[in-house]
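The values are calculated or read from the model by the stated rules, or taken from the named source; none is laboratory data. Because the structure is predicted, anything quoted here is derived from the model rather than measured. So basically every Cβ, Gly included, is an ideal-geometry build from the backbone, and we count neighbours across all protein chains shown. Protein only, heavy atoms only, side chains kept; ligands, DNA and RNA dropped before computing areas. Shrake-Rupley method; radii C 1.70, N 1.55, O 1.52, S 1.80 Å.
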There are 2 protein chains.
Amino acid sequence: MIVTVTPNPALDLTWRAERVVPGGSHRVDAALARAGGKGVNVARVAHAQGADVLAVTTAGGPVGEEFANELRGSGVPHRLVPVAAETRRSAAIVDEALGDTMIFNERGTSPSPAEWAALLDEVQAALPGAGVLVVSGSLPRGADPGLVLRLLSLASDRGVPAVVDVSGPAMLAAASAGAALLKPNRAELADATGLDDPFEGARELLRLGARRVLCSLGAEGLLLVRAGVAPLRARLPEPLAGNPTGAGDAAVAAAAVLLHDDPDVDDERLLVAAASWSAAAVLAPGAGEISPRHPELADRLLVDRPAGA
Amino acid sequence: MIVTVTPNPALDLTWRAERVVPGGSHRVDAALARAGGKGVNVARVAHAQGADVLAVTTAGGPVGEEFANELRGSGVPHRLVPVAAETRRSAAIVDEALGDTMIFNERGTSPSPAEWAALLDEVQAALPGAGVLVVSGSLPRGADPGLVLRLLSLASDRGVPAVVDVSGPAMLAAASAGAALLKPNRAELADATGLDDPFEGARELLRLGARRVLCSLGAEGLLLVRAGVAPLRARLPEPLAGNPTGAGDAAVAAAAVLLHDDPDVDDERLLVAAASWSAAAVLAPGAGEISPRHPELADRLLVDRPAGA
């Protein structure tokens, strides 16, 4: 089982406008409302690809009820810790003429220490059946960054590999705690390590204790960095048009599925799966789903050991 | 009592971004969530100005629960007819750098015939205590435009003057039913009557049977047209900076309050109240509220009988 933890879940609302006019008034169809947050998206993708998953997160207030209803309807197994603070929303506005999407992510309100403790208890209860723990997404404003470290300690006590997609100091803490894989994008990696070069940034995370770093470089592909071997990169020959929201979550889902099946999985297999699921997410309408075209995308990937590493 | 009917209520969500970047991702505070729809906004404004009001509308689904919770918290007296279809949302994105607002209005789902009948029953039950009936806002997609006519018949049977802010064929129907006041803006008036000139359009509504037409001309002010007298216009010497959302609802609230007190109210008094409340709504942060500066704005209004009428 893959257990995903989402410290800052959101009800993701997506509206599609024929053409967005700044300052204008638009008639639109009802929003697509979906339970989201990175760890929930990871669980959705892995579940849709046949993996046994459990999404652990929080829900509070009327927005939390909508979140819970939608998640129940999705069929993704989950445990929701009730919290007093209202679950946040995110708003995405798709401009159908331009094909681009504006996103407004609410920061989220931190649960109380007792509520965090209840979340940790849920994770601890699930870990005996887990092959991988995924910790993914931002922390709500005011949350203790030590939460990520406590989650990783629980996994480490049980010998469960952790796949982590968090930013800032929590990324460094996850590296120090020996995460099996960290998945920053280039900007997050530079921000957390203070090193602009992604190869240097990734090596800094390895030095701290991470086993692997999977760094997304946008249209330039995906980079896998591991100690003792030259970095490996996978990219498509041409950029994909589509919706990149959730592409990183699909890469994390692929990494979790492969590490669950074999914690010593071959680097190239892991990278190709992550890159093809990530590309397939760009072709899918929303975060948390991937196009069934991922095997074909995997065949088209160019894999190399990049210069400058 | 002023009874307002809102055929297509909405949970209005407002997010404020420091600067909106097309195609960008933004961190924002939690949305301001407010029960809205034009008739609800009219009731809010009239209630805040001390009028006895009752807002009648529908609520359905989890969004309807949020709508109901917020309305309860507001203290505005209301009756909500439960409906199966989910209450729609509207999304407003405020660009704080530019000071402008983009609005995305969901079209809304029509209640069933039985649910419309229940709404009419609520209105009928409230009319014996009513001095004015306000019918305000769009109809949900697929709704029978005859609903407005049936509402006006109920009011007319009781001798209750009707103030109506609807668009399209429903505006013509409301005129034919002898509405005491119609409140289109210039584009709605041209759209409904097929006449580009607002004076001609207003006179067409009077010819059909409306008693008064209050037409907003944006920065050029507000026009009051009544049979047998030259049109009267009120405007500020300079345009106001602010949020025009809800300015029309404030004008309707003023008209309802004055017609409630005196169905034969003097034209200039009615116009000045409507124009100053409308201007005061531009100075308030959101729809459904007006700035306490409305008396001062009333003093600054220029009232004339415009040329070209």
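Points to keep in mind about this one:
- Number of the condition not met by B:A174 [criteria: (1) over 17 Å from the mean Cα position of the chain (by Cα); (2) farther than 25 Å from B:A279 by Cα; (3) crowded, with 24+ Cβ neighbours inside 10 Å]: (1)
- Any hit, region B:128-137, residues being among the hydroxyl-bearing types (S, T, Y) and open to solvent by 20 Å² or more (accessible area, probe 1.4 Å): no
- Of the residues in region B:53-64, none is open to solvent by 60 Å² or more (accessible area, probe 1.4 Å) and either over 23 Å from B:P244 (Cβ atoms) or of a type outside the set (G, A, S) (or both).
- Residues (open to solvent by 10 Å² or more (accessible area, probe 1.4 Å), more than 12 Å from the chain's Cα centre (by Cα), farther than 24 Å from B:G129 by Cα and not charged (D, E, K, R)) located in region B:233-272: B:L236, B:P237, B:P239, B:L240, B:A241, B:G242, B:N243, B:P244, B:V272
- Any hit, region A:85-96, residues being more than 14 Å from chain B (Cβ to nearest Cβ), in contact with a strand residue (DSSP E or B) (Cβ under 6 Å, 6 or more places away or on another chain), open to solvent by 10 Å² or more (accessible area, probe 1.4 Å) and modelled with pLDDT of 95 or more: no
- Of all residues in region A:181-197, those satisfying the criterion of being closer than 19 Å to A:S278 by Cα and touching a helix residue (DSSP H, G or I) at 6+ places or on another chain (Cβ under 8 Å) are A:L181, A:L182, A:K183, A:P184, A:N185, A:R186, A:E188, A:L189.
- A:A143 vs. criteria in contact (Cβ under 8 Å) with a residue 24 or more places away in the chain and open to solvent by less than 10 Å² (accessible area, probe 1.4 Å): no
- Matching residues, region B:219-232, being surrounded by fewer than 22 Cβ atoms within 10 Å (Cβ to Cβ) and in contact with a Pro (Cβ under 6 Å, 6 or more places away or on another chain): B:A219
- Within region B:54-81, residues that are within 14 Å of another protein chain (Cβ to nearest Cβ) and assigned to a strand (DSSP E or B) sit with their Cβ atoms under 6 Å from residues that are open to solvent by 40 Å² or more (accessible area, probe 1.4 Å) and not β-branched (V, I, T), at 6+ positions apart or across chains, in these pairs: B:A59/B:L80.
- Restricted to region B:102-116, and to residues there that are farther than 16 Å from B:P145 by Cβ and small (G, A, S), the residue that is farthest from the chain's Cα centre (by Cα) is B:A114.
- Listed conditions (1) of a type in the set (A, V, I, L, M); (2) touching a residue at least 24 places away in the same chain (Cβ under 8 Å); (3) farther than 27 Å from B:G99 by Cα are all met by B:A234, apart from (3).
- Checking each residue in region A:5-35 for being assigned to a loop (DSSP other than H, G, I, E, B) and either buried (at least 24 other Cβ atoms within 10 Å of the Cβ) or at the interface with chain B (Cβ under 9 Å from one of its Cβ atoms) (or both) picks out A:P7, A:N8, A:P9, A:V20, A:V21, A:P22, A:G23, A:G24, A:D29, A:A30, A:A31.
- Residue, surrounded by the fewest Cβ atoms within 10 Å (Cβ to Cβ), within region A:152-167, restricted to residues that are within 18 Å of A:L205 (Cα to Cα) and of a type in the set (A, V, I, L, M): A:L152
- Top-ranked residue of region A:102-125 - restricted to ones that are β-branched (V, I, T) and more than 7 Å from every other protein chain (Cβ to nearest Cβ), ranked as surrounded by the most Cβ atoms within 10 Å (Cβ to Cβ): A:V123
- Qualifying residue in region B:39-47 (condition: touching an Asp or Glu at 6+ places or on another chain (Cβ under 6 Å), touching a residue at least 60 places away in the same chain (Cβ under 8 Å) and within 12 Å of chain A (Cβ to nearest Cβ)): no
- Scanning region A:126-143 for residues that are within 14 Å of another protein chain (Cβ to nearest Cβ) and outside any loop (DSSP other than H, G, I, E, B) yields a single hit, A:R141.
- Condition check for A:G39: small (G, A, S), touching a Ser or Thr at 6+ places or on another chain (Cβ under 7 Å) and at positive phi: no
- Filter result (touching a Leu at 6+ places or on another chain (Cβ under 8 Å) and at pLDDT 95 or above) within region A:132-147: A:V132, A:L133, A:V135
- Residue tally, condition assigned to a loop (DSSP other than H, G, I, E, B) and either more than 27 Å from A:P285 (Cβ to Cβ) or touching an Asp or Glu at 6+ places or on another chain (Cβ under 8 Å) (or both), over region A:218-242: 5
- Residue list for region A:180-217, filter: assigned to a helix (DSSP H, G or I), open to solvent by less than 60 Å² (accessible area, probe 1.4 Å) and over 25 Å from A:L151 (Cβ atoms): A:P198, A:F199
- Taken together, B:A279, B:A307 contain a single residue that is open to solvent by 50 Å² or more (accessible area, probe 1.4 Å) and either farther than 18 Å from B:T101 by Cα or assigned to a helix (DSSP H, G or I) (or both), which is B:A307.
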